[in-house]
């Protein structure tokens, strides 16, 4: 995996609609990082892969600050589902409903 200065681990429980986010970023910057990631995904096209149906999902977003490149791994099986969960996480962070912990 390439160098990453910032890591945001998103744990989403689909049964309870709760998020736990672990990061080495400042907590007040998590919303900006998620927003920037989503903006970078705009226009990349649809993913017609069958999404994994799970009760809990884990998404890791890594950011290389030297060139603002995002690297993402997830167990969703589908990029569109990944972006949907990240968007939902962004909303939870902005509403202060997500639990943000140090990585």
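The values are calculated or read from the model by the stated rules, or taken from the named source; none is laboratory data. All of these numbers come straight from a predicted model, not from anything done at the bench. A quick note on method: Cβ atoms are made from the backbone with ideal geometry, for glycine too, and the neighbour counts reach across all protein chains shown.
Scan region 68-79 for residues that are within 19 Å of residue 34 (Cβ to Cβ), surrounded by fewer than 16 Cβ atoms within 10 Å (Cβ to Cβ) and over 11 Å from the mean Cα position of the chain (by Cα) and jot them down.
Selection gives 68, 69, 75.
Check region 43-66 and report whether any residue there is touching a residue at least 60 places away in the same chain (Cβ under 8 Å) and either part of a strand (DSSP E or B) or in contact with a helix residue (DSSP H, G or I) (Cβ under 7 Å, 6 or more places away or on another chain) (or both).
yes
Given the residues 5, 9, which is the only one that is over 12 Å from the mean Cα position of the chain (by Cα) and modelled with pLDDT of 95 or more?
Answer to the selection: 5.
Taking the options 82, 76, name whichever one is over 18 Å from residue 16 (Cβ atoms), modelled with pLDDT of 95 or more and in contact with a helix residue (DSSP H, G or I) (Cβ under 9 Å, 6 or more places away or on another chain).
On inspection, the qualifying residue turns out to be 82.
Identify, by number, the condition in (1) farther than 19 Å from residue 103 by Cβ; (2) part of a helix (DSSP H, G or I) that residue 89 doesn't meet.
For residue 89, the exception is condition (1).
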